[in-house]
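Here is the structure we will look at.
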Amino acid sequence: VGTHGLIIEFTDPEYSTRRSATYLPEVAAHEGWTKVEAIDSLMRKAGFSGPITESLRKRIRLTRYQSTLFALHYSDYASYVKTTRGAAPSILGAKPGNY
């Protein structure tokens, strides 16, 4: 918990619907969840509203992944984008500003 992000995929036994959800690595640790609590929360996040049983937990497909968290000021990001792409970042409909 806290080292890897999680992706779960499973079939809702009541509706035969494929469901999936993901959490970044920081989420479970921030919430103080155990592995089982994180998986159960992901099942709810995926839209599953039925009872969560051990049998259902055993049928999920779980993928772990790692990510990197970066923090930087927007002006530094805008400068990086302008240098690497030749233009400052833009949002459709927004007026260009000074970077």
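List pairs: first residue in the range 26-55 and closer than 9 Å to Val1 by Cβ, second residue open to solvent by less than 40 Å² (accessible area, probe 1.4 Å) and assigned to a loop (DSSP other than H, G, I, E, B) anywhere in the structure, Cβ distance under 6 angstrom, at least six positions apart or on different chains.
The qualifying pairs are Ala29/Gly2.
Counting only residues that are open to solvent by less than 50 Å² (accessible area, probe 1.4 Å) and free of Cβ contacts under 8 Å to residues at least 24 places away in the same chain, how many does the range 6-25 have?
Residues in the range 6-25 being open to solvent by less than 50 Å² (accessible area, probe 1.4 Å) and free of Cβ contacts under 8 Å to residues at least 24 places away in the same chain: 1 in total.
Can you tell me how many residues within the range 30-41 are part of a helix (DSSP H, G or I) and in contact with a helix residue (DSSP H, G or I) (Cβ under 9 Å, 6 or more places away or on another chain)?
8
How many of the residues making up the range 54-82 are in contact with a helix residue (DSSP H, G or I) (Cβ under 9 Å, 6 or more places away or on another chain), at pLDDT below 90 and open to solvent by less than 100 Å² (accessible area, probe 1.4 Å)?
1
Please identify the pairs in which a residue from the range 63-83 that is without any contact (Cβ under 8 Å) to a residue 40 or more places away in the chain has its Cβ atom under 6 Å from the Cβ atom of a residue that is surrounded by 12 or more Cβ atoms within 10 Å (Cβ to Cβ) and not small (Gly, Ala, Ser), counting only partners at least 6 apart or on another chain.
Cβ pairs passing all conditions: Ala78/Pro89; Ala78/Tyr99; Val81/Pro89.
Confirm whether Gly97 is of a type in the set (Gly, Ala, Ser) and at pLDDT below 90.
Details: of a type in the set (Gly, Ala, Ser): yes; at pLDDT below 90: yes.
When the stated conditions are applied, Gly97 passes them.
Does Thr3 qualify as being at pLDDT below 95 and either open to solvent by 60 Å² or more (accessible area, probe 1.4 Å) or more than 15 Å from the chain's Cα centre (by Cα) (or both)?
In short, yes.
Please specify each residue of the range 1-17 satisfying the condition of being more than 10 Å from Arg61 (Cβ to Cβ) and assigned to a strand (DSSP E or B).
Matches in the range 1-17: Gly5, Leu6, Asp12, Thr17.
The values are calculated or read from the model by the stated rules, or taken from the named source; none is laboratory data. Owing to the predicted nature of the structure, the values given are computational and were not obtained by experimental measurement. Counting neighbours? That spans all protein chains shown, and the Cβs are built from the backbone with ideal geometry, glycine included. These accessible areas exclude ligands, DNA and RNA; they are computed on the full protein's heavy atoms, side chains included. Shrake-Rupley method; radii C 1.70, N 1.55, O 1.52, S 1.80 Å.
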